[in-house]
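So the structure is just underneath, and the comments pick up after that.
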Amino acid sequence: MSIVVAEAFHITRHLRPVPISKQTALDMYLAEPSPNFGYEIINKFTGFGYTAILLNMTSVTYLTSVEVTCSNWWHYLVIVVPEYINPAYADKAVMLIAGGSRYSGQPNATSADVKLFSAISTGIGAVGVILGEIPNQPCVFAVDPLHLDRTEDDIIAFGWRMFLNDSSRPDWLVRLPMIKSAVLAMDAVQEYLNVTNNIHISEFITAGASKRGWTTWLTGAVDSRVIGIIPIVMDELNFLANIKHHYQA
């Protein structure tokens with residue numbers, strides 16, 4: 001199937017305004033163009049009371065292909081459309097920010113996340129979305145003396161170490177592309193459903209666990225389409241204070 005390049009929605013339309021004097025590295029990263037952004041329809045499947053569309057979405061570039069093997073990020077993006085849509089939720093979607101790796105295989109009706117979110121989607125009568133590969137992994141860093149396949153917290157910690165060594169390089173922080181991928185996923189969902197299903201989503205509730213819970217917090221902080229967040233496990237409202245508590249414990 002052909003690649004669909006998403007052009008109708010632009011993330012800067014939805015970013016919460018931040019004065020230039022208060023912009024963070026995340027704000028500046030989100031405002032940058034995403035020339036690789038696009039998606040491909042690779043499968044459709046049905047379950048009890050729903051139809052699911054599986055997209056392969058290309059989102060962002062992390063560092064460069066010289067610096068890391070996971071530079072070009074892509075994700076499986078599942079959109080669950082229930083047969084009955086509650087009029088109260090017709091313009092809303094619930095999005096799970098999930099993990100996985102490039103080698104996990106395509107999600108299907110028997111996948112745990114799909115079973116969970118299809119039940120939620122059909123139960124409340126709202127579109128459900130599952131965004132996988134956050135972060136895109138595993139990664140091998142060129143400057144890593146061990147040249148390990150790093151995943152999850154290893155990727156985060158390695159990027160932190162590099163940023164602490166050189167604070168002029170916030171692009172080492174994998175949190176930035178994790179959040180931007182979630183923002184772009186909302187763009188893809190809006191565009192796809194608007195064009196193919198005549199469903200007009202304008203608001204999202206995001207959810208995720210652990211580092212995806214952290215991503216959930218920050219996606220809600222930066223994007224005005226997010227009207228509710230469900231961060232699971234990760235509770236870092238005051239990150240600096242929390243880190244000190246962790247260390248002292």
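Observations
- Inter-centroid distance (Cα atoms) of the range 112-165 relative to the range 72-95, Å: 20
- For the chain, built as a Gaussian network whose Cα springs stay under 10 Å, the top-fluctuating residue of Leu77, Leu26, Leu131: Leu26
- Principal-axis tilt of helix 239-248 within the chain, Cα atoms, nearest 10 degrees: 60
- Contact order, relative form, for the range 3-248: 20 percent (alpha carbon pairs under 8 Å, 6 or more residues apart, mean separation divided by residue count).
- Given +1 at the Cβ of Lys and Arg, -1 at the Cβ of Asp and Glu and no other charges, the dipole of the chain around its Cα centre is 280 debye to the nearest 20.
- Rounded tilt (10° steps) of 211-222 against the dominant C-alpha axis of the chain: 80
- Cα convex hull volume per residue for the range 38-93 (Å³): 98
- Relative contact order computed over the range 82-228 (Cα-Cα under 8 Å; 6+ residues apart), in percent: 29
- Legend: calculated FRET efficiency, Asn238 to Ala31, from the Cβ-Cβ distance at R0 = 30 Å, rounded to 0.05, equals 0.70.
- 222 nm mean residue ellipticity, helices alone, for the chain (DSSP H n ≥ 4; -39,500 (n - 2.57); rounded to 500): -10000 deg cm²/dmol
- Modelled FRET efficiency - R0 25 Å, Phe163 with Ile230, Cβ distances, 0.05 increments: 0.30
- The long axis of helix 175-196 is offset from the longest Cα principal axis of the chain by roughly 20 degrees.
- Along the axis of the charge dipole computed for the chain (Cβ charges of +1 for Lys and Arg, -1 for Asp and Glu, origin at the Cα centre), the listed residues Tyr39, Thr24, Ile227 are led at the positive end by Ile227.
- For the chain, the Kirkwood estimate of the hydrodynamic radius, built from every pair of different alpha carbons, is 18.6 Å.
- Gaussian network model of the chain, Cα within-10 Å springs - most flexible of Ala188, Ala142, Ala207: Ala142
- Qualifying chymotrypsin sites (Phe, Trp or Tyr not before Pro) in the range 99-171, where qualification requires a DSSP coil assignment and no more than 11 other C-beta atoms within 10 Å, comprise Tyr103.
- Ellipsoid semi-axes in whole angstrom, largest first, where each is sqrt(5λ) of the Cα gyration tensor of the range 1-141: 28, 21, 13
Where a number appears in this text, it was derived from the coordinates with a stated rule and is not lab data. Computed from a predicted model, the values in this text were never measured in an experiment. Neighbour counts run over all protein chains shown; Cβ positions are idealised from the backbone, glycine included.
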